[in-house]
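The structure under discussion appears below in the form of structure tokens.
What follows draws every value from the coordinates through simple rules; no lab data is involved. All of these numbers come straight from a predicted model, not from anything done at the bench. Cβ: placed from backbone, ideal geometry, glycine included. Neighbour counts: every protein chain shown.
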Amino acid sequence: MKRLFKFLGLGLIALLTVAIAALALMWHARLPQRSGSLSLTGLSAPVQVRYDESGVPHIRAENEADLYRALGYVHAQDRLFQMEILRRLARGELAEVLGPKLVETDRLFRTLTLREYADDFAAKMDPASPTTRALQAYLDGVNQFQDSHPAPIEFMLLGIPKRPFTAADTASVGGYLAYSFAAAFRHEPVLSRIRQQWGPDYLGIFDLAWYPDGVNQGQPAAAAPAASAAGPSLQASDWHTLDRVAALSQSAFDIAGVPLYEGSNAWVISGARAAGGKPLLAGDPHISFSTPAVWYEAHLSAPGIELYGYHQALNPFALIGHNAQFGWSLTMFQNDDIDLIAEKISPDNPRQVWAQGQWSNLEERQQTIQVKGAAAVTITLRRSPHGPIINDALDKTAGTTPIAMWWALLNTENPVFEAFYELDRADTLDKARRAASKIHAPGLNIVWANAQGDIAWWAAAKVPMRPYGVNPGFILDGGSPEADKTGFLPFEQNPHEENPARGYIVSANQQPAGPTPVAGYYNLWDRAQRLDQQLAARATGWDAPAMQALQLDTQTGYGPRVLKPLLDDLRAASPDPSERALVEQLAAWQGDHPMDKVAPTLFSQFMFDLAHEALADELGDDAFQLLRRTRALDHALPRLAANAASPWWDRQGTAEKESRAQIVNAAWHRSLAHLQATLGTDSGSWTWGRAHRVTHEHPLGKQAPLDKVFNIGPFPAPGGRETPNNLSGPIAPVPVPVTYGPSTRRVVDFAQPAAARGIVPTGQSGVWGDRHYRDQAERYAQGQTRPQYLDSADVASHTQETLVLTPR
């Protein structure tokens, strides 16, 4: 018997050994190949791909077609699952692999008509143009990798079938990028409801004015407009529909684990202010954190192009980049290029709406959503002359008033791929300006410099011209001319600067100065002012380390600005000496957010509780949760705090008229109770590093236990909302989830461009288990950067592996 047990035990060990070996072989077969030789169809000559210590490919080819085909191949072997999930999100095809819970998300993106837009865009591309040829070569490289290698492990776990990637997929992902910039779904419904249900006195705390001179001159003194018009009359079911669409819009990004674009910093300094006598460029686009990170770095070299660039999934053209002659970064323009329009239905025909002076039929079409593990779902989508009807994102519980979406993306030619193909080669001011003019949507600020000494910024977008007095921050009336557009602003009238006398340019999502006010959902001016003040204070001697230090700055004037009118109320609410000591910490606080301070934690929790105590009773909890994810709340809180007579202080449903002091008292003690329950009774331990942490989530890491496998982090994080080091998230109770921040921190000194430095939040590879999956995460959290090798000698000396792609 003992011999039998011993035999069985040995057999079990053998089986386990074989299983482990098989799993190891399966895992190893899915790792990127970065050395040796591979053959590709379509190459005309060998292509050398040298990988540095961070896994960045330095690709050298004899012509552009070979260059882009090789880029597609190496990009796919690091990021194929990211490419797949992005195209499925944009085209409304996630339920096919993720099941019924994604049907609503698919319905939303089908309603946005990104599929039709992308298919039409791809069909109209000129096959003979350099842009199209480059894109097709890149996609061929992606598809050759997919066809010749085992599917990534995520494909196996989710049962994702392989299928070719197309130009329409690339255009779909570009459409998603534009949509992720748009704030209309989150802002317009809640502001319109406040206007209709509560009136202009309640709108006073929201910064609804437009400032033609920009906001870097100091806090604008102008009050928000009275907004006397009530706007289109919507019913309770319509408001419910809009709330659901807004919530669905947000949850789509959360469920799929796909990055949302949040904001950005970029600035450029002229050679006259720089220690090296040449311009300096800094950029850190703010994007939701994810695993893998949004950017894929690649150094491209072929006759006609030399560029160290940052690429997005399925896009061969770098959206930010540099070489020895020029470089650029970008921020969100934040212009409002989406209007929500309440349509007027014909009393005689519910399938007709009044638009542009006549009754027009609603177009209808049906689509089928394939659903994993369930029956397919057929949906009906409608379109008015103004645009798609967004109610159709919901099921039969949607409100009865059709709400149309007018979107610049769907109403412009938008040769955005051509724009970035040219920007990747734009070594002169004229070339860069011309490339920027071809970006129609989404709106982007292009901050550019070259080694010859030019610095510039262009707000690149097709800016819609609306009838005088129309505020697109509210839902518009489709039965009136206010919903119509009179054209687009000429590009030369967009906000811009070229070689300004001050010697520097700052773009930080603030409303820009320009000859014509541009409506938008701009960030607070505090971050832009902080950067502006620091750059103005030092006239000369700027170098790369000083630029990097400014990127890591954690101070903002926002916190002290909000707190100042509330300090007396806080002191009155804190007779206990220990509580009073905490108030005095806030009173002395300069608005900095290092990890070892308690004041940022106190401020963050108090802002959430103050907003909830003041606003949630009027709005209801669902609408409040939507509002706290918008910039509108950031704009509202300073005005609310400064106005003791604001109607928001009075609680609904009580006989008493509450005061600001009473609400401040309630919010303060609610905050203290929450911090004690969450971080402990010792207030000295309520440090920002404990309260403010970042985790880079993988789509499969949304649920345990896969979060322990695929996610990266958590890491304590400095910075905060509207600090230059903008590691942040929506206003939320402690512990504050840090959901977005710099997607790269990058500095280029054109006096020594080969010494440029940057970093991404996680790593180059999206393949779990690869050594470059998370190898930059700790350095990023600590504020470090790494070299970005451009010079051929540097590339050679730092090459860790070399892959040679040869013609088949």
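At a threshold of 8 angstrom on Cα-Cα distance, excluding pairs fewer than six apart, so keeping six or more, what relative contact order does region 329-392 reach in percent?
Normalised by residue count, the contact order of region 329-392 is 20 percent.
List the lysines whose Cα lies under 19 Å from the Cα of residue 708, skipping any in the same chain that are fewer than 8 positions away.
Candidates past the 8-residue exclusion: nothing left.
Modelling each spin label as a point 7 Å along the Cα-to-Cβ direction, I'd like the residue 468/residue 652 distance in nm, to one decimal.
Calculated label separation equals 3.7 nm.
For region 478-580, rounded, prolate or oblate, judged on the Cα gyration tensor with a ≥ b ≥ c (square roots of eigenvalues), a/c < 1.5 rounded, else prolate if a/b > b/c?
Oblate.
Using label points projected 7 Å from each Cα along Cα→Cβ, tell me how many nm separate residue 157 and residue 808, to one decimal.
3.0 nm
If you take the square roots of the eigenvalues of the alpha-carbon gyration tensor of region 737-805 and sort them as a ≥ b ≥ c, do you get rounded (a/c under 1.5), prolate (a/b over b/c) or oblate?
oblate
In percent, what relative contact order does region 291-425 have, based on Cα pairs under 8 Å that are 6 or more apart in sequence?
Relative CO of region 291-425 lands at 20 percent.
At what distance in nm do the modelled label points of residue 501 and residue 794 sit from each other, each positioned 7 Å from its Cα along Cα→Cβ?
Here the modelled spin labels are 3.7 nm apart.
Restricting things to alpha carbons, tell me how big region 544-615 is in terms of Rg and Dmax, in Å.
14.3, 49
With a cut-off of 8 Å between alpha carbons and a minimum separation of six or more residues, what is the relative contact order of region 405-460 in percent?
32 percent
Considering just Cα atoms, how many Å³ per residue does the convex hull of region 675-808 enclose?
178 Å³
Mind checking the angle between helix 184-197 and the chain's longest principal axis? C-alpha axes, 0 to 90 degrees, to the nearest 10.
So the inclination is approximately 10 degrees.
Taking the mean number of other Cβ atoms within 10 Å as a proxy for protection, how do you rank 701-710, 270-279 from highest to lowest?
270-279, 701-710
Can you tell me the mean projection area, over all orientations, of the convex hull of region 360-471's alpha carbons? Units nm², please.
Its Cα hull, projected and averaged over all orientations, spans 11.8 nm².
Which pairs in the list 431/462; 162/438; 344/485; 278/597; 372/702; 124/462 are over 28 Å apart, alpha-carbon to alpha-carbon?
162/438; 278/597
Rounded to the nearest 0.05, what FRET efficiency is calculated for residue 198 and residue 643 with R0 set to 22 Å and r the Cβ-Cβ distance?
Calculated value: 0.90.
Arranged from highest to lowest average of other beta-carbon atoms within 10 Å per residue, in what order do the peptides 752-758, 69-75 appear?
Descending mean neighbour count gives 69-75, 752-758.
What list of ³J(HN,Hα) couplings, whole Hz, do you get for region 319-327 from phi and the Karplus terms 6.51, -1.76, 1.60, once you set θ to phi - 60° and write x for glycine and proline?
8, 9, x, 7, 8, 6, 9, 7, x
Could you tell me which of rounded, prolate or oblate describes region 718-760, using a ≥ b ≥ c as the square roots of the eigenvalues of the alpha-carbon gyration tensor, with rounded for a/c under 1.5 and, failing that, prolate when a/b is larger than b/c and oblate otherwise?
It comes out prolate by the Cα gyration axes.
What residue among 725, 209, 68 has its Cα farthest toward the positive end of the dipole of the chain, where the charges are +1 on Lys, Arg and -1 on Asp, Glu, each on the Cβ?
With unit charges placed on the Cβ atoms, the residue in question is 68.
To the nearest 10 degrees, how steeply does helix 599-619 sit against the main Cα axis of the chain, on a 0 to 90 scale?
That works out to roughly 60 degrees.
Hey, with R₀ at 25 Å, roughly what FRET efficiency would residue 48 and residue 147 work out to, going by the Cβ-Cβ distance, to 0.05?
E(calc), rounded to 0.05, equals 0.65.
Rg/Rh for region 34-151: what does it come to with C-alpha atoms and Rh from Kirkwood?
Result: Rg/Rh = 1.05.
Go through [x] 0.99; [y] 1.03; [z] 0.97 and flag the label whose value is the computed Rg/Rh (Cα atoms, Kirkwood Rh) for this structure.
Matching the structure shown: [z].
Go ahead and run the numbers for FRET between residue 372 and residue 533, Cβ-Cβ distance against an R0 of 60 Å, rounding to 0.05.
Plugging the Cβ-Cβ distance into 1/(1 + (r/R0)^6) gives 0.65.
Rank-order 618-629, 363-374, 406-417, 785-796 by packing density, defined as the average count of other C-beta atoms within 10 Å over each peptide's residues, highest first.
Most protected by this proxy first, the peptides run 406-417, 618-629, 785-796, 363-374.
Extension gain residue 133-residue 673, at 0.36 nm per residue separation less the Cα-Cα distance, in nm?
That pair, residue 133 and residue 673, stretches by 188.2 nm at full extension.
Please list the radius of gyration and Dmax for region 614-690, considering alpha-carbon atoms only, with Å as the unit.
Final numbers for Rg and Dmax: 14.7, 42 Å.
Relative to a virtual label point 7 Å from the Cα of residue 771 in the Cα→beta-carbon direction, which members of region 280-314 show backbone nitrogen distances below 20 Å?
293, 297-299, by backbone N distance to the label point.
Could you work out the Kirkwood radius for region 599-645, taking every pair of different alpha carbons, averaging 1/r and inverting it, reported in Å?
11.1 Å
How big is the dipole moment of the chain about its Cα centre under a simple scheme where the beta carbon of each Lys and Arg is +1, that of each Asp and Glu is -1, and everything else is neutral? Debye, nearest 20, please.
So the dipole magnitude of the chain works out to roughly 1720 debye.
Can you compute the charge dipole magnitude of region 616-676 about its Cα centre, using +1 on each Lys and Arg Cβ and -1 on each Asp and Glu Cβ, nothing else charged? Give it in debye, rounded to the nearest 20.
About 260 debye.
Dividing the alpha-carbon radius of gyration of region 503-555 by 2.2 N^0.38 Å (N being the number of residues), what value is obtained?
So region 503-555 has a normalised radius of gyration of 1.29.
Just the Cα atoms of region 52-97: what Rg and Dmax do they give in Å?
Final numbers for Rg and Dmax: 14.2, 43 Å.
Would you mind checking the tilt of helix 114-124 against the longest principal axis of the Cα atoms of the chain, expressed as 0 to 90 degrees and rounded to 10?
It works out to around 50 degrees.
Give a residue-ordered list of calculated ³J(HN,Hα) values for region 697-710 (Karplus: 6.51 cos²θ - 1.76 cosθ + 1.60, θ = phi - 60°; whole Hz; x for Gly, Pro).
Taking θ as phi minus 60°, the curve returns 8, 8, x, 7, x, 6, 9, 6, x, 5, 4, 6, 8, 9 Hz for region 697-710.
Regarding region 520-662, what's the average projected area of the Cα-atom convex hull, expressed in nm²?
11.3 nm²
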